[in-house]
Amino acid sequence: MAAIDSQTYTFTDRGRFGIAALGAGVLGVVLTVIGAFTDTHTFFASWLTAFAFWATIVLGALFFVMLQHATGAVWSVVTRRAAEAMSMTLPLLLLCFIPLLFGLHDLFHWTHAEEVATDHLLQWKSPYLNTTFFIIRAAVYFAAWIGLAWGLNRLSLAQDRDQNPAHTLTLRKLSAGGLFLFAFTLTFAAFDWLMSLEPHWYSTIFGVYVFTGGFLTSMAVLVLFFQFLRGANILSDEVTTDHYHDFGRMLFAFTVFWAYIGASQYYLIWYANLPEETMWYLARWEHGWYVVSLLLIFGHFVIPFVTLLFFRLKRNLTVLRFIAVLLIVMHFVDIFWLVMPTFSDGGVHFSWMHLTAVIGIGGLVLWLFWTRYTANRAIPVYDPKLEDSIAHRV
Amino acid sequence: MKTYGMIAEFSSPAALMDAAKQVRTAGYSKFDCHSPFPIHGMDEAMGLKRSPVGYIVGGMAALGAVIGFSLQTWVTTDAYPLVISGKPLFSWQAYIIITFALFVLFGAFGAVIGMFRLNRLPRLHHPLFYSEQFARVTDDGFMLHIEADDTQFDEEKTEAFLASVGGTNIELVRGA
């Protein structure tokens with residue numbers, strides 16, 4: 001069981017969480033790689049699903065850090081270190097991205113030169129959708145994200161040492177600019193890695209949709225993480241019911257926003273009724289995919305929406321935990337629903353490699369996250385807003 | 001002139017909150033606190049229940065959604081059945097946006113009208129305005145009043161009690 005010094009908020013015992021996560025991660029990756037030799041095609045599709053699932057969550061945490069700095073939020077200061085540590089797993093996600101570069105031909109229709117040659121639309125798009133530019137863009141996205149995460153962490157940790165409140169202002173400026181950069185990079189990353197799976201199809205709101213799901217899920221992960229710490233009696237006086245209430249409000253707001261964006265995308269396509277647009281939804285309805293679509297509507301929207309509508313339920317830690325688990329599972333279903341129809345001819349096929357890839361990448365991400373989190377003080381002890389944040393009441 | 005109640009001033013938000021707790025513990029139920037800005041934790045100190053306005057909003061919003069959906073169903077399938085862009089007459093997807101808009105509109109009506117009704121507004125005058133010092137609650141005054149209708153109210157005892165919890169400038173307010 002992990003333990004913490006109640007005065008300095010440094011970890012005196014890191015517990016077994018890190019080693020358990022690392023074990024699960026290595027096991028998951030090894031099994032998935034074995035799977036790659038049996039069915040390369042499914043391997044890449046599963047790996048992309050698992051990668052997109054974790055990358056969006058980690059990027060959601062990065063966004064959370066910048067959002068709180070930029071708005072000068074008080075309530076979230078006690079929770080910021082966890083989101084910061086989460087954003088520091090981005091270099092690991094870059095490593096997890098590299099295997100996908102070997103599967104571009106398996107994943108992306110637009111990499112097939114002979115297909116592009118006979119396809120007018122893909123020819124038209126080829127100045128953007130080509131392998132070289134794809135890799136350059138991915139490098140730019142990761143450089144921006146890792147740079148932002150590194151800068152935000154460095155300044156925040158510097159405040160632990162020199163106790164200088166001026167860092168808070170620098171962080172605010174960095175975050176304001178960072179949010180701008182983040183919005184563009186994430187939008188285009190979503191276009192490149194998920195939307196271009198169906199290169200004929202396009203939706204300008206797609207990046208917002210992917211972002212919202214990831215940010216929402218990162219909130220759910222933070223809720224579970226702080227409840228996990230609470231079980232070890234860590235930060236249980238600092239992260240109070242009122243903080244969980246605010247997380248509950250964030251979950252509520254972004255559940256609604258996710259549905260709003262999803263519905264907006266759907267309605268424009270439904271109204272216009274253009275074949276090159278509707279085929280995307282058709283593929284997500286036929287051959288049993290309607291079950292997954294309906295599951296998303298109810299599990300990702302209706303159930304969390306109705307539950308989180310109520311004041312008391314947002315303050316109930318057990319209910320919040322249930323909703324957090326539901327939303328994390330639903331985020332996976334959402335990514336699965338975005339990626340897999342392209343690869344599943346005639347039906348929903350959930351491969352065991354999906355499971356091992358999610359556990360594999362997730363285990364490694366959580367291991368690095370835990371290592372980063374426990375290496376520093378659990379809360380930013382010299383943040384000028386910390387005292388108000390602990391005393392925060394709804 | 002009928003006696004409306006008694007007001008007392010307190011030195012700070014904390015003193016007002018402390019007084020509110022003691023007034024409640026002493027068994028008074030018809031009292032209210034006034035301050036130039038909202039004080040966090042005051043609802044709890046006064047023992048106020050959650051406002052029922054949320055349920056009014058929920059009810060109104062649901063009503064709006066039902067009206068929005070049924071109006072469109074009636075118009076497009078019965079009153080003016082027109083085929084639009086080859087879609088079925090009962091194209092429920094198209095109804096959702098207006099259903100949602102009326103859901104929000106009626107919810108907003110519920111919030112505003114419900115808030116006014118629960119606050120017993122609008123009204124043109126209030127007996128507390130007979131007190132000259134009461135105007136300061138919009139500036140720098142932290143005040144508490146106990147209504148004369150309260151079963152425990154007694155001019156002398158309540159005055160002594162308010163003084164004992166730290167109230168100053170205690171004033172009996174008379175008015176219609």
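So the values come out like this:
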| read-out | value |
| --- | --- |
| Nearest-10 value in Å² for the accessible area of A:HIS112, using the 1.4 Å probe | 40 |
| Degrees between helix A:241-272 axis and first principal axis of chain A (Cα, 0 to 90, nearest 10) | 20 |
| Average Cα contact separation per residue, chain A, under 8 Å, 6 or more apart, as relative contact order % | 36 |
| Estimated FRET transfer efficiency when R0 is 22 angstrom, pair B:LEU172-B:LEU48 (beta carbons, to 0.05) | 0.30 |
| For segment B:53-118, average projected area of the Cα convex hull in nm² | 4.5 |
| Other-chain or far-sequence residues with amide H under 5 Å of B:PHE142's (modelled H) | B:PHE10 |
| Most to least accessible of A:PHE142, A:PHE228, A:PHE37, A:PHE350 (protein chains only, probe 1.4 Å) | A:PHE37, A:PHE350, A:PHE228, A:PHE142 |
| Diffusion constant of chain A at 4 °C, which comes from Stokes-Einstein with the Kirkwood Cα-pair radius and 1.567 mPa s, µm²/s | 59 |
| Kirkwood hydrodynamic radius over Cα pairs of segment A:73-115, then Stokes diffusion coefficient at 4 °C and 1.567 mPa s, in µm²/s | 96 |
| Long-range HN-HN contacts of B:TYR4 with modeled amide H, under 5 Å | B:VAL173, B:ARG174, B:GLY175 |
| Calculated from backbone phi, Karplus (6.51, -1.76, 1.60) coupling profile of segment B:97-107 in Hz, x at Gly/Pro | 5, 6, 4, 5, 5, 6, 4, 5, 4, 5, x |
| Rounded if a/c under 1.5, otherwise prolate or oblate - segment A:11-60, Cα gyration tensor axes | oblate |
| Computed label-point distance, nm, for sites A:SER236 and B:ILE98 using a 7 Å Cα→Cβ extension | 5.5 |
| Computed magnitude of the charge dipole of segment B:3-94 (debye, nearest 20; Cβ of K, R +1, Cβ of D, E -1) | 200 |
| Residue-averaged [θ]222 nm for chain B, counting only DSSP H segments that reach four residues, each worth -39500 (n - 2.57) | -14500 deg cm²/dmol |
| Accessible area (Å², 1.4 Å probe, nearest 10) - A:TRP367 | 80 |
| Sequence of A:ASP242, A:ASP106, A:ASP237 from largest to smallest accessible area, 1.4 Å probe | A:ASP237, A:ASP106, A:ASP242 |
| Chain B - percent relative contact order, Cα under 8 Å, separation 6 or more | 49 |
| Cα-derived Rg to Rh of segment A:1-115, Kirkwood definition | 1.11 |
| Accessible-area value, A:SER236, 1.4 Å probe, nucleic acids and ligands omitted, Å² | 30 |
| With Cα atoms, 0 to 90° folded angle of helix A:206-231 axis to chain A main axis | 40 |
| Set of lysines with alpha-carbon distance to A:LYS173 below 28 Å, sequence-local pairs under 8 removed | A:LYS385 |
| Helix-derived mean residue ellipticity, 222 nm - over chain A, DSSP H n ≥ 4, -39500 (n - 2.57), to 500 | -24000 deg cm²/dmol |
| Heavy-atom accessible area ranking, 1.4 Å probe, most first, across A:TYR266, A:TYR290 | A:TYR290, A:TYR266 |
| Selected from A:THR132, A:THR212, A:THR318 as most flexible by GNM, with chain A as the system and alpha-carbon contacts under 10 Å | A:THR132 |
| Shape call, segment A:130-277: gyration tensor on alpha carbons, a/c limit 1.5 | oblate |
| ³J(HN,Hα), Karplus 6.51/-1.76/1.60, whole Hz, each residue of segment A:26-35, x for Gly, Pro | 5, 4, x, 5, 4, 4, 5, 5, 4, x |
| For segment B:8-23, 3J(HN,Hα) per residue [Karplus equation, 6.51 cos²θ - 1.76 cosθ + 1.60, θ = phi - 60°, Hz, x = Gly/Pro] | 9, 9, 10, 7, 8, x, 5, 5, 5, 5, 4, 5, 4, 4, 5, 4 |
| Largest-first principal axis extents, alpha carbons of chain B, Å | 79, 33, 30 |
| Lysines with Cα under 30 Å of B:LYS30, excluding same-chain neighbours fewer than 8 positions away | B:LYS2, B:LYS21, B:LYS49, B:LYS157 |
| Length-normalised contact order of segment B:53-118 in % [C-alpha pairs under 8 Å, at least 6 apart] | 58 |
| Degrees, to the nearest 10: A:317-339 long Cα axis against longest axis of chain A | 30 |
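The values are calculated or read from the model by the stated rules, or taken from the named source; none is laboratory data. Keep in mind that what you see is a predicted model, and the values were worked out from it rather than measured. Ideal geometry is used to build each Cβ from the backbone, glycine not excepted, and the neighbour counts take in all protein chains shown. All accessible areas refer to the heavy atoms of the entire protein, side chains included, with ligands and DNA or RNA removed. Shrake-Rupley method; radii C 1.70, N 1.55, O 1.52, S 1.80 Å.
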